[in-house]
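As structure tokens, the structure follows; a few thoughts come after it.
The values are calculated or read from the model by the stated rules, or taken from the named source; none is laboratory data. Every value quoted in this text rests on a predicted model; they were computed, and no experiment measured them. Reconstructed Cβ throughout: ideal geometry from the backbone, glycine too, with neighbour counts over all protein chains shown.
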Protein chains: 2
Amino acid sequence: MSDRTPSTEVLVVGGGMAGLAGALALRSNGAEVTLVERAPEFGEVGAGLQMAPNASRVLKRWGLLEKALEIGVRPKHLVFRDALTGEELTRQTLGGEFEERYGAPYVVIHRSDLHRILLEACQQAGVRLVNDVVVDSVETVNGRGIAHTARGEVYEADVVIGADGLKSTLRAAVTQDGPVSSSYVAYRGTVPITDETPAADLEDVIVYLGPDCHLVQYPLRKGELLNTVAVFKSPSFDRGEEQYGGVDELEAAYRDCIPAVQAALQNLATGIRWPMYDREPIENWIDGRLVLMGDAAHPMLQYLAQGACQALEDAAALQDSTLGSVFTDDGVNARAWDLAISDFNVARAGRTARVQRTARVWGESWHVSGVARVLRNLLFKSRKDGDFQYNDWLYGQTSEALVETRS
Amino acid sequence: MSDRTPSTEVLVVGGGMAGLAGALALRSNGAEVTLVERAPEFGEVGAGLQMAPNASRVLKRWGLLEKALEIGVRPKHLVFRDALTGEELTRQTLGGEFEERYGAPYVVIHRSDLHRILLEACQQAGVRLVNDVVVDSVETVNGRGIAHTARGEVYEADVVIGADGLKSTLRAAVTQDGPVSSSYVAYRGTVPITDETPAADLEDVIVYLGPDCHLVQYPLRKGELLNTVAVFKSPSFDRGEEQYGGVDELEAAYRDCIPAVQAALQNLATGIRWPMYDREPIENWIDGRLVLMGDAAHPMLQYLAQGACQALEDAAALQDSTLGSVFTDDGVNARAWDLAISDFNVARAGRTARVQRTARVWGESWHVSGVARVLRNLLFKSRKDGDFQYNDWLYGQTSEALVETRS
């Protein structure tokens, strides 16, 4: 390697939620971390994000939960309703017993706000942040990761974290798969809450379930903004059209829904359409000294609202698996990286695969019609507020359990 | 009318379960009853029949329950299992609290046994039973029903009960509808229980639920016979073939089921295939002095096992609506028939329509696959033995409630 090759202990590829969280986690262990991002500036597109306790526990660990709570909202309930009738199907109270059980609050926050909190934490912690860098490939030579950029530069590091998202370039090192379209499209929007905003539900996360469609609403920014997400199955996707899921299909998809749902479509920004993708779970995220995390490793449909949450869990697990092995009281033991990232991979792949698969089935159950809708509604209505049987596996203290998995 | 016209107070057309029950009920009120049957002999084809408490209560009223129990079986449980995994989904204990709550036992009995019990009761009560009579039409002249037979005979009665089943000829007087094919076909069979019969489950009604198919098993004749019913969706029905649902389709339909289910197909008599039909509910069962009952009025799919049960409920309701109005302490008041059959119709049409509709949805829920199966299984498993919320409307004391409806 030439003298001009940037050398670092950890190179993180991707400055989204996963990359920032991974960088911060390893920096917290004392690593020298460089994060490269392809865009000319750091930032997040999109609207609101639901941070369940399994994710807010990670923020708490890093001392960032207070910042999130300053700008975010703690919704009072998570409520499911039938979009055709408005009937309430089930609800979960999110404070009190729920928060105690899971050790952290349920928080909804604008994606850009959470991203900024993580970015500022990285800056303050001394992560080296570099924009305008596109990493095309990573090879491992003599126990070090060598990242080749589109401009012909080379970065060298003990380990390279591939956090380059759903359309990950680096994932090609472990599998030749591609994103799987769900045939569903989302539109999102945030509008100011005014005196004319219908007063009902402004303290809750409300999910309206309809045949082949659903709509989610919740408040953001201390209750100043109303966040709306509409997700529907695109008929033109099945016809093989590339630009599927246009505004005409959006309006048609909600035609049979109650007026409150139809009115909420007015709150959407129709300029950006978000086709919904995931990928099949994969077991191996490692190629030499490259390891994937976040959406690059386990992109998932949004029905469990766990995309960013699982990225935060990944980061916490990476922090755990490297502390005391790579990063010891006696300094850095770079030879331990192979075992540490393997531990991380083993600890995380089963869980994230379960979240990926469950998100698909869970989403399917939202969009059913006919007798399946009858069954779904009876099942949901049979559940009592405070029945945690469907929540424990997801929100329970799993990242803490990683240490047990490893020992 | 000529002197040779048989004249009677009540003419029942059809000697199946409904007709016999109706004849017996009215005879119990003191009516002179003639029952005509198209077949040269009385009898029942088919295998087992489930008599839920709403029906066994009627037998109890007529003093026939003991006879049914002498030859029938009181199953210990009603058990639902997934046909693909064998997993138990839910169970209802049928003795104890269940029997107390509904005031009569759950009994399974061979169709021919129940038919014979009703036939003998009619004979002993003095119902005039006539074979080889096909009634083509009924007209009402001067407040009397005039039944015209295929051979040109005429029967005259104060009221004619049309109990001529699913393919009812007399129903044409009130509607021009036809049977609706469900695209499902049943095969049935009874085999002796031997030492080699798998010992499990011989005391229960077991229903295995599979995608587009199900299988029911229970003991008959004091546990000497094993009754099996296999019901599956016929692919060739959708292709428009007339003789749909052959044995090849039977075998293919259960290909993915557990060995216990596949083995049970050996117990079926494959010589008779039973396409499953119902009809849309209708409100009016009356034309002049003709009134329909049983399958002629409300044919239903078999999923709630209520075809014969609702016929027995009809008979009890007819008994109630005519006692004290047509049949009084001062003799027969034939003018009251119009009101009495109208009361009967009003009291029964809503309930039987609900049973017809629920049977369709209930059956659909048995045959689902994919996410609907996941939801169905979770819903069923969430139910506890002894939770009567889905049973009360059906098995509760409804025929007794008829008197209230009327007053």
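Can you list residue pairs whose Cβ atoms sit under 6 Å apart, with the first residue in the stretch A:366-378 being closer than 22 Å to B:Gln389 by Cα and within 9 Å of chain B (Cβ to nearest Cβ) and the second being charged (D, E, K, R) and surrounded by fewer than 20 Cβ atoms within 10 Å (Cβ to Cβ)? Count only pairs 6 or more apart in sequence or on different chains.
Matching pairs, first to second residue: A:Val371/B:Glu364.
Got a sec? Which of A:Asp164, A:Asp201, A:Asp158 is in the same structural domain as A:Leu49 (by TED's automatic domain parsing) and either part of a strand (DSSP E or B) or within 30 Å of A:Val261 (Cα to Cα) (or both)? Outline the logic, then answer.
Working: A:Asp164 fails: either part of a strand (DSSP E or B) or within 30 Å of A:Val261 (Cα to Cα) (or both); A:Asp201 fails: in the same structural domain as A:Leu49 (by TED's automatic domain parsing).
That would be A:Asp158, the only listed residue that is in the same structural domain as A:Leu49 (by TED's automatic domain parsing) and either part of a strand (DSSP E or B) or within 30 Å of A:Val261 (Cα to Cα) (or both).
I'm trying to understand the selection: among the residues of the stretch B:273-293, which are of a type in the set (A, V, I, L, M) and over 27 Å from B:Leu26 (Cα atoms)?
Hit for the stretch B:273-293 is B:Met276, nothing else.
Considering only residues that are farther than 10 Å from B:Cys257 by Cα and either within 19 Å of the chain's Cα centre (by Cα) or of a type outside the set (D, E, K, R) (or both), which ones fall in the stretch B:204-214?
Residues satisfying the conditions are B:Val205, B:Ile206, B:Val207.
Of these, B:Leu35, B:Leu84, B:Leu89, which one is farther than 28 Å from B:Asp158 by Cβ and touching a helix residue (DSSP H, G or I) at 6+ places or on another chain (Cβ under 6 Å)?
None of the others qualify; the one that does is B:Leu89.
Which numbered condition in (1) closer than 18 Å to A:Ala47 by Cα; (2) among the polar types (S, T, N, Q); (3) out of contact with any strand residue (DSSP E or B) (no Cβ under 8 Å at 6 or more places or on another chain) is the only one that A:Thr270 fails?
(3)
Collect the residues in the stretch B:267-290 that are part of a helix (DSSP H, G or I) and among the β-branched types (Val, Ile, Thr), keeping them in residue-number order.
Answer for the stretch B:267-290, where residues must be part of a helix (DSSP H, G or I) and among the β-branched types (Val, Ile, Thr): there is none.
Which number in (1) within 23 Å of A:Gly46 (Cα to Cα); (2) outside any helix (DSSP H, G or I); (3) small (Gly, Ala, Ser); (4) free of Cβ contacts under 8 Å to residues at least 60 places away in the same chain marks the one condition that A:Ala264 misses?
(2)
Would you check if B:Val361 is within 10 Å of chain A (Cβ to nearest Cβ), part of a loop (DSSP other than H, G, I, E, B) and at pLDDT 95 or above?
Taking the combined requirement at face value, the residue does not satisfy it.
Within the stretch B:244-261, how many residues turn out to be in contact (Cβ under 8 Å) with a residue 60 or more places away in the chain and of a type in the set (D, E, K, R)?
The qualifying residues number 2.
For A:Leu394, are the conditions met, namely being modelled with pLDDT under 95 and either in a helix (DSSP H, G or I) or at the interface with chain B (Cβ under 9 Å from one of its Cβ atoms) (or both)?
For A:Leu394, the condition - modelled with pLDDT under 95 and either in a helix (DSSP H, G or I) or at the interface with chain B (Cβ under 9 Å from one of its Cβ atoms) (or both) - is not met.
Has the stretch B:397-406 got at least one residue that is modelled with pLDDT of 95 or more, crowded, with 21+ Cβ neighbours inside 10 Å and within 25 Å of the chain's Cα centre (by Cα)?
Looking for residues that are modelled with pLDDT of 95 or more, crowded, with 21+ Cβ neighbours inside 10 Å and within 25 Å of the chain's Cα centre (by Cα), one finds none in the stretch B:397-406, hence no.
Can you work out which of the residues in the stretch B:324-345 that are within 29 Å of the chain's Cα centre (by Cα) and of a type in the set (D, E, K, R) is nearest to B:Gly288 (Cα to Cα)?
B:Asp338
Tally the residues that are more than 8 Å from every other protein chain (Cβ to nearest Cβ) and crowded, with 17+ Cβ neighbours inside 10 Å, restricting the search to the stretch B:379-390.
Residues in the stretch B:379-390 being more than 8 Å from every other protein chain (Cβ to nearest Cβ) and crowded, with 17+ Cβ neighbours inside 10 Å: 1 in total.
Please identify the pairs in which a residue from the stretch A:113-132 that is at positive phi has its Cβ atom under 6 Å from the Cβ atom of a residue that is of a type outside the set (Lys, Arg), counting only partners at least 6 apart or on another chain.
A:Asp132/A:Pro40
Which is in contact (Cβ under 8 Å) with a residue 60 or more places away in the chain, touching a Lys or Arg at 6+ places or on another chain (Cβ under 8 Å) and on the phi > 0 side of the Ramachandran plot, of B:Asp201, B:Asp212?
Values: B:Asp201 fails: touching a Lys or Arg at 6+ places or on another chain (Cβ under 8 Å).
On inspection, the qualifying residue turns out to be B:Asp212.
Here is a check on your reading of the model: is B:Gly86 small (Gly, Ala, Ser) and either within 24 Å of B:Ala317 (Cα to Cα) or touching a His at 6+ places or on another chain (Cβ under 7 Å) (or both)?
Numbers: small (Gly, Ala, Ser): yes; either within 24 Å of B:Ala317 (Cα to Cα) or touching a His at 6+ places or on another chain (Cβ under 7 Å) (or both): no.
For B:Gly86, the condition - small (Gly, Ala, Ser) and either within 24 Å of B:Ala317 (Cα to Cα) or touching a His at 6+ places or on another chain (Cβ under 7 Å) (or both) - is not met.
Find the residue count for the stretch B:147-190, including only residues that are among the hydrophobic types (A, V, I, L, M, F, W, C), in contact (Cβ under 8 Å) with a residue 60 or more places away in the chain and closer than 23 Å to B:Pro6 by Cβ.
The qualifying residues number 9.
Which of the following residues is among the small types (Gly, Ala, Ser) and either at pLDDT below 95 or touching a Pro at 6+ places or on another chain (Cβ under 6 Å) (or both): B:Ala253, B:Ala172, B:Ala199, B:Ala186?
Step by step, each of B:Ala253, B:Ala172, B:Ala199, B:Ala186 is checked, and only B:Ala199 is among the small types (Gly, Ala, Ser) and either at pLDDT below 95 or touching a Pro at 6+ places or on another chain (Cβ under 6 Å) (or both).
Mind counting the residues in the stretch A:312-358 that are over 19 Å from A:Asn284 (Cβ atoms), touching a residue at least 60 places away in the same chain (Cβ under 8 Å) and surrounded by fewer than 21 Cβ atoms within 10 Å (Cβ to Cβ)?
5
Anything in the stretch B:234-250 that is part of a helix (DSSP H, G or I) and either at pLDDT 95 or above or surrounded by fewer than 17 Cβ atoms within 10 Å (Cβ to Cβ) (or both)? List them, or say none.
Result: B:Pro235, B:Ser236, B:Asp238, B:Val247, B:Asp248, B:Glu249, B:Leu250.
Given the conditions (1) modelled with pLDDT of 95 or more; (2) within 20 Å of the chain's Cα centre (by Cα), and given that A:Ile258 satisfies all but one, which numbered condition is not satisfied?
(2)
Looking at A:Val79, A:Val134 in this structure, which one is closer than 22 Å to A:Ser168 by Cα and not small (Gly, Ala, Ser)?
None of the other options fit; the residue is A:Val134.
Restricting the search to the stretch B:11-39, which residues are among the charged types (D, E, K, R) and not in a loop (DSSP other than H, G, I, E, B)? Spell out the reasoning first.
Here is the first cut: in the stretch B:11-39, the ones among the charged types (D, E, K, R) are B:27, B:32, B:37-38.
Within the stretch B:11-39, B:Arg27 is the sole residue that qualifies.
May I ask you to verify whether B:Ile341 is modelled with pLDDT of 95 or more, in contact with an Asp or Glu (Cβ under 8 Å, 6 or more places away or on another chain) and not polar (S, T, N, Q)?
No.
For the stretch A:5-32, name all the residues that are touching a helix residue (DSSP H, G or I) at 6+ places or on another chain (Cβ under 7 Å) and of a type in the set (D, E, K, R).
The one that is touching a helix residue (DSSP H, G or I) at 6+ places or on another chain (Cβ under 7 Å) and of a type in the set (D, E, K, R): A:Arg27.
Among the residues of the stretch A:297-305, is there at least one that is crowded, with 24+ Cβ neighbours inside 10 Å and in contact with a His (Cβ under 7 Å, 6 or more places away or on another chain)?
Taking every residue of the stretch A:297-305 in turn, none turns out to be crowded, with 24+ Cβ neighbours inside 10 Å and in contact with a His (Cβ under 7 Å, 6 or more places away or on another chain).
Applying the selection to the stretch B:291-331, what residues are touching a Phe, Trp or Tyr at 6+ places or on another chain (Cβ under 7 Å) and not in a loop (DSSP other than H, G, I, E, B)?
B:Val291, B:Leu292, B:Tyr303, B:Leu304, B:Ala317, B:Leu318, B:Ser321 - these are the residues of the stretch B:291-331 that are touching a Phe, Trp or Tyr at 6+ places or on another chain (Cβ under 7 Å) and not in a loop (DSSP other than H, G, I, E, B).
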